[in-house]
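The next block holds one structure in the form of structure tokens; read it before the comments.
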Amino acid sequence: GALGTTGTARATGAGGPLFAYAPAPESRSVVDIAPRYGLYIDGEFREAADGQVFKTVSPSSEEVLSEVAQGGEEDVDAAVAAARRAFGPWSALPGAERAKYLFRIARILQERSRELAVLESLDNGKPIRESRDADLPLAAAYFFHYAGWADKLAHAGYGPDPRPLGVAAQVIPWNFPLLMLSWKIAPALATGNTVVLKPAETTPLSALFFADICRQAGLPRGVVNIVTGDGSTGAALVAHPGVDKVAFTGSTEVGKAIARTVAGTRKKLTLELGGKAANIVYDDAPLDQAVEGIVNGIFFNQGHVCCAGSRLLVQESVAEEVLDALRRRMATLRVGDPLDKNTDVGAVNSREQLDRITALADAGEAEGAERWSPACDLPSTGYWFAPTLFTGVTQAHRIAREEIFGPVLSVLTFRTPAEAVEKANNTPYGLSAGIWTEKGSRILWTADQLRAGVVWANTFNKFDPASPFGGYKESGHGREGGRHGLEAYLDV
Ligand code: TAP
């Protein structure tokens, strides 16, 4: 009963009725979305205990894609209990055996990547080119990477016998639904932990398809549980006394609330929160390349990226040249249907997020910055925001200080490298930064001065499973990816 044979209705196992398919409309020919999905607990799909559901909507068409179970406290309790039961046997498996499951999951992600890419673009609004070329290959790559660690934990530098923590509660955002799931689940399973994961309310579908992949891979029941719902479901999960580890990615505000909940308990916590990255362009930079990097830095994934290069810091002597080239390049961006392979900028994920972006952009104008967007026809239904550039921005402006999480770039200028660094670090965040220059010594000096967990040089938004990712200051603590990412799930 694999999910994914187009047009084939499926109703297998205990979760059958909650996982049966409606015939797919033409536009989604490679993915079948059921009218209704249950929670995935203890290897089965089931209704929420109180029968509550919510709707998940396609942000590009405002069409309801499916109804999904709204998990409550009782469901969280059942999921944590299932994960607890599974923990003993799972953690006792030799690492090489756990690795086999992770490799299997990685391969199924590859095999089903077309289906999942379409699903992700429908539920999230991101361009299919990005879900196909970034989200899906990277999600599989994280599983391959951590599969490789599972039998080598004794050689990871944490002593001969590092122990898993137990049940991991994982709460993820809507910007990279499947990729954030893989960042969380792959290292947790490799190290012998079991998982209860709550996806974001606006993007639950790929996590539910992932649950089906776990079944397909024969993963023992209870090792991965998916509890869909809203923020209250996440809060109940984080607060549950049966949880040993909390991993959260999302807003700094919710991260702080979670830190308060977890304080004084035995729970180990990692937080990956917001950002306000500086993308620094020096006057000796290869400017054409830098302009591409600026565009990628802020318009990739509609700017719904925690490490987005949302503040462009450009050296005064080349500012006009860079801005002219940037405006010309922005005018070529195609905004629209996420399923069109020519689309560069897709739909904003939700009405709420569109309202947030709109309010902050309006504040930018009200505070005196100069707003510019290329002429572009936005579709009449769905949630859209034109790529936007603000010049004349000062450090006091809200658009220079607050995370916008949308396709909005704030431009500031600097005269000296010291001034660039001072401005770049003038933020409560510290997740990422970019540097564009021909001089190697300048790259090293700047990177050393920046308080940012990730610094890209002459590139931006590059991810690799072997590379640790995470923030300084209010961008959170703990690292995901690579050997460092193991530490979050081990008693070392
Ligand atoms: P958050 O509210 O932080 O959502 C992240 C996840 O936490 C979601 O699964 C959410 O569930 C859940 N959640 C919400 N309240 C919770 C609580 N009290 N306890 C436990 N879990 C809880 O982000 P958002 O509201 O979607 O976005 C707001 C802003 O946050 C954005 O504009 C953006 O600036 C920032 N943001 C940053 C990131 C990253 S990666 N840095 C990611 C997302 C958003 P629901 O989705 O059901 O609410």
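The C-beta contact set for region 242-255 (first residue closer than 15 Å to Leu181 by Cα, second residue in a helix (DSSP H, G or I) and more than 11 Å from the ligand (Cβ to nearest atom), distance under 8 angstrom, 6+ apart or interchain) comprises Ala247/Lys184; Ala247/Ala188; Thr249/Lys184.
The residue that is surrounded by the most Cβ atoms within 10 Å (Cβ to Cβ), among those in region 66-120 that are of a type in the set (Phe, Trp, Tyr) and closer than 17 Å to Asp212 by Cα, is Tyr101.
Quick check: is even one residue across region 412-430 in contact with a helix residue (DSSP H, G or I) (Cβ under 6 Å, 6 or more places away or on another chain), farther than 23 Å from Ser317 by Cα and buried (at least 22 other Cβ atoms within 10 Å of the Cβ)? Yes, that holds for at least one residue.
Residue under question is Val227, and the condition is that it be more than 9 Å from the ligand (Cβ to nearest atom), in contact with a Gly (Cβ under 9 Å, 6 or more places away or on another chain) and over 29 Å from Phe300 (Cβ atoms); does it hold? Can you show your working first?
Numbers: more than 9 Å from the ligand (Cβ to nearest atom): yes; in contact with a Gly (Cβ under 9 Å, 6 or more places away or on another chain): yes; over 29 Å from Phe300 (Cβ atoms): yes.
So Val227 passes the test.
Among the residues of region 24-46, is any over 21 Å from Pro177 (Cα atoms), at pLDDT below 95 and touching a Leu at 6+ places or on another chain (Cβ under 9 Å)? There is at least one residue in region 24-46 that is over 21 Å from Pro177 (Cα atoms), at pLDDT below 95 and touching a Leu at 6+ places or on another chain (Cβ under 9 Å).
Here Gly382 clears all of (1) within 23 Å of Cys307 (Cα to Cα); (2) buried (at least 20 other Cβ atoms within 10 Å of the Cβ) except the condition numbered (1).
Annotation: Cys376 fulfils all but one of (1) modelled with pLDDT of 95 or more; (2) surrounded by fewer than 24 Cβ atoms within 10 Å (Cβ to Cβ); (3) part of a loop (DSSP other than H, G, I, E, B); (4) not hydroxyl-bearing (Ser, Thr, Tyr); the unmet one is (1). The number of residues in region 241-253 that are away from the ligand (no atom under 11 Å from the Cβ) and assigned to a loop (DSSP other than H, G, I, E, B) comes to 4.
Checked against (1) over 17 Å from Ala169 (Cα atoms); (2) crowded, with 17+ Cβ neighbours inside 10 Å; (3) near the ligand (Cβ under 10 Å from one of its atoms), Ala277 passes all but condition (3). Listed by first and then second residue, the pairs linking a residue in region 287-313 that is touching a residue at least 12 places away in the same chain (Cβ under 8 Å) to a residue that is more than 16 Å from the ligand (Cβ to nearest atom) and of a type in the set (Ser, Thr, Tyr), with Cβ atoms under 7 Å apart and 6 or more places separating them unless they lie on different chains, are Gly293/Thr459.
One residue is enough: does region 315-326 have a residue meeting the conditions of a type in the set (Val, Ile, Thr), within 24 Å of Ala457 (Cβ to Cβ), modelled with pLDDT of 95 or more and within 16 Å of the ligand (Cβ to nearest atom)?
Here is the first cut: in region 315-326, the residues of a type in the set (Val, Ile, Thr) are 318, 322.
Next cut, within 24 Å of Ala457 (Cβ to Cβ) only: 318, 322.
Retained after the next criterion (residues that are modelled with pLDDT of 95 or more): 318, 322.
Remaining after also requiring within 16 Å of the ligand (Cβ to nearest atom): none.
Checked against the condition, which is being of a type in the set (Val, Ile, Thr), within 24 Å of Ala457 (Cβ to Cβ), modelled with pLDDT of 95 or more and within 16 Å of the ligand (Cβ to nearest atom), region 315-326 yields no hits at all.
So, of the residues in region 55-65 that are out of contact with any Pro (no Cβ under 7 Å at 6 or more places or on another chain) and surrounded by 17 or more Cβ atoms within 10 Å (Cβ to Cβ), which turns out to be nearest to Val345 (Cα to Cα)? Looking at residues that are out of contact with any Pro (no Cβ under 7 Å at 6 or more places or on another chain) and surrounded by 17 or more Cβ atoms within 10 Å (Cβ to Cβ), I get Pro59. Per the listing Asp151, Asp135, Asp77, the residue uniquely at negative phi, of a type outside the set (Val, Ile, Thr) and in a loop (DSSP other than H, G, I, E, B) is Asp151. Filtered by the rule that a residue be in a loop (DSSP other than H, G, I, E, B) and within 10 Å of the ligand (Cβ to nearest atom), region 158-209 gives Ile172, Pro173, Trp174, Asn175, Phe176, Pro199, Ala200, Glu201, Thr202, Thr203, Pro204.
The values are calculated or read from the model by the stated rules, or taken from the named source; none is laboratory data. If you're wondering where the values come from, they're calculated on a predicted model, not measured in any experiment. FYI the Cβ positions are ideal-geometry reconstructions off the backbone, even for glycines, and counts take in every protein chain you see.
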